[in-house]
1. Residues of segment 152-170 being surrounded by fewer than 19 Cβ atoms within 10 Å (Cβ to Cβ) and away from the ligand (no atom under 16 Å from the Cβ), which ones?
2. If the requirement is being outside any strand (DSSP E or B), surrounded by 15 or more Cβ atoms within 10 Å (Cβ to Cβ) and under 39 Å from the mean Cα position of the chain (by Cα), which of these qualifies: VAL483, VAL476?
3. Only one residue in ILE134, ILE114, ILE53 is among the β-branched types (Val, Ile, Thr) and in a helix (DSSP H, G or I), so which one is that?
4. Taking the condition of being surrounded by 17 or more Cβ atoms within 10 Å (Cβ to Cβ) and farther than 23 Å from THR199 by Cα, how many residues in segment 20-63 meet it?
5. Just name the residue that is nearest to PRO428 (Cα to Cα) out of those in segment 243-274 that are surrounded by 15 or more Cβ atoms within 10 Å (Cβ to Cβ), polar (S, T, N, Q) and within 14 Å of the ligand (Cβ to nearest atom).
6. Return a yes/no flag: does segment 230-248 have any residue that is of a type outside the set (D, E, K, R), at negative phi, part of a strand (DSSP E or B) and within 16 Å of the chain's Cα centre (by Cα).
7. Do we have SER437 as farther than 30 Å from THR374 by Cα, more than 25 Å from the chain's Cα centre (by Cα) and among the hydroxyl-bearing types (Ser, Thr, Tyr) here?
8. Does segment 370-380 contain any residue that is touching a Leu at 6+ places or on another chain (Cβ under 9 Å), surrounded by 14 or more Cβ atoms within 10 Å (Cβ to Cβ) and not in a loop (DSSP other than H, G, I, E, B)?
Amino acid sequence: QSQELSHVRIDYHAALLALQEQGTRMVCTGKMHTDRICRFDYLCYCSEAEEFIFFHSNASVMLPNLGPRRFQPALLDLSSVEDHNTQYFNFLELPAAALKYMPKPVFVPDVTLILNRFNADNLMHIFHDDLLPIFYTMQQYTDLDDEARLVFMEGWGEGSHFDLYRLLSSKQPLLKEHLRNFGKLMCFTKSYVGLSKMTTWYQYGFVQPQGPKANILVSGNEIRQFASFIMDRLNITTKERPEGDDYIVVFSRTSNRLILNEAELLLSLAQEYKMRTVTVSLEEQTFASIVQLISAASMLVSMHGAQLITSMFLPRGAAVIELFPYAVNPEQYTPYKTLASLPGMDLQYIAWRNTIEENSVAYPDRPWDQGGITHLEKEEQERILASKEVQRHLCCRNPEWLFRIYQDTIVNIPSFLEVLRDGLKIKPNLKKSKPVSVVHPGRVRHPKCQTSVQAAHEAKLSVSWQIPWNLKYLKVREVKYEVWIQEQGENTYMPYILPQQNYTFSENIKPFTTYLVWVRCIFNKNLLGPFADVLICKT
Ligand code: UDP
């Protein structure tokens, strides 16, 4: 295939002159290598040395100018995985005068986004680590538009779902191995290096056992907008389904981590929910046709595994049922639970685990990366076989974890249905599920307090305020106010929830005392507004 750079001709002589005279210019955002994205004019790449080059001239800019701290440990993370030591980016420096002795540069006229994919053979990693971060990094910088060029520097081949990366821009993404086709020295006219980590919700356990990220900054809204973009690009349209044509999708794996009684599971689901059931697998359907089916399903049932990332395409109100093999604790492996539970995803999530060892088929003789354990010491093998639950562990080669997670499972139907009946609060229902409001209240306005002393031990404190300014434009189901009263100098406070805009407190109010009073508005129980400026009230 061709990796032609552009049909737009650029003025080669002018570009070369600009590079020689201006050198490279870099301006970055972010305080640390872990939150940094850099924009470059004339960042170059030498395919022979496999290094990026920064050319210094009198007009060069390097912000931040870190000096040798640029190597402690790096300028920035090239993938969306935080601080992974195989994913660092840096450049070599040269004086622009050195260009005279170097091969003639080839210029890339497209605005380019340079990054590392983290694991391009795993669907969960493709979406969570690459596609979502690329999509939102492109939204952050307006010149990274549909004409932008993506360059993947991790050094692998296309991977198993390269077509998905092609959806993000109209230009063919380039792999590291393609770069040498353009010559020994190539210079990106305008480029961005690095990825936004704003949309990631999971850490894979490199420094502490895997789990949700500590400070999740993405909501279901952004995931769903990304999902609609992808569906749009895949030419998927979701039609209104006729009443009563609800169905359940069972996503099966065909090479490992199998459900051994899939037919029985499908039958029991159909009977329990009076819905039809459909099975899909990545081996048997195209990705687009799977997404098409999932986008109108009431329920998605699957073994734990990367294919469950497709739950982001489920309609609001649908249910995700994740199955776990014997000895694997669902609480410890929650990328899909965390996704389904993001505010505004509006999915119900339920985990089922096999607790019956006889219903499990293990593969001790397979290679280690498919869960084999015969390469281990006899004692270690026996310990693993006797263990009833894999203990928390770090990524990525814990043999006990791999042994257990690659087991096949006979799903015990009564226990499965019981978990569903207990867990599904409401029958998965798509028609009723509209996005709920996400508008937060403003501050309450004109807060005031008045005090009076009744007797030696009795006093009153009246607090009043006006509605937040934005409330008059909103239809809110429930408006409440929260008042905190703190006696000055104490480190505790009394919280009150009130439906009205004024209240006179007399319990626990002492004469000749100073109280600090905070008031805020709350919409629909959980949309908290900011506190108004503190009131200082002396009785
Ligand atoms: N995969 C699949 N069918 C299978 C096994 C795996 O489609 O029978 C896919 C899976 O969805 C993922 C990739 O192959 O995209 C790698 O699977 P692996 O078991 O390594 O990762 P996991 O699913 O546990 O994240």
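1. Once the filter is applied, which keeps residues that are surrounded by fewer than 19 Cβ atoms within 10 Å (Cβ to Cβ) and away from the ligand (no atom under 16 Å from the Cβ), segment 152-170 yields GLU154, GLY155, ARG166, LEU167, SER170.
2. VAL476
3. From the options ILE134, ILE114, ILE53, the qualifying one is ILE134.
4. Adding up the residues that qualify gives 20.
5. It comes out as SER252.
6. Within segment 230-248, none of the residues are of a type outside the set (D, E, K, R), at negative phi, part of a strand (DSSP E or B) and within 16 Å of the chain's Cα centre (by Cα).
7. No.
8. yes
The values are calculated or read from the model by the stated rules, or taken from the named source; none is laboratory data. What you are looking at is a predicted structure, and each value in this text was computed from that prediction instead of being measured. With ideal geometry, Cβ positions are generated from the backbone for all residues, glycine too; neighbour counts draw on all protein chains shown.
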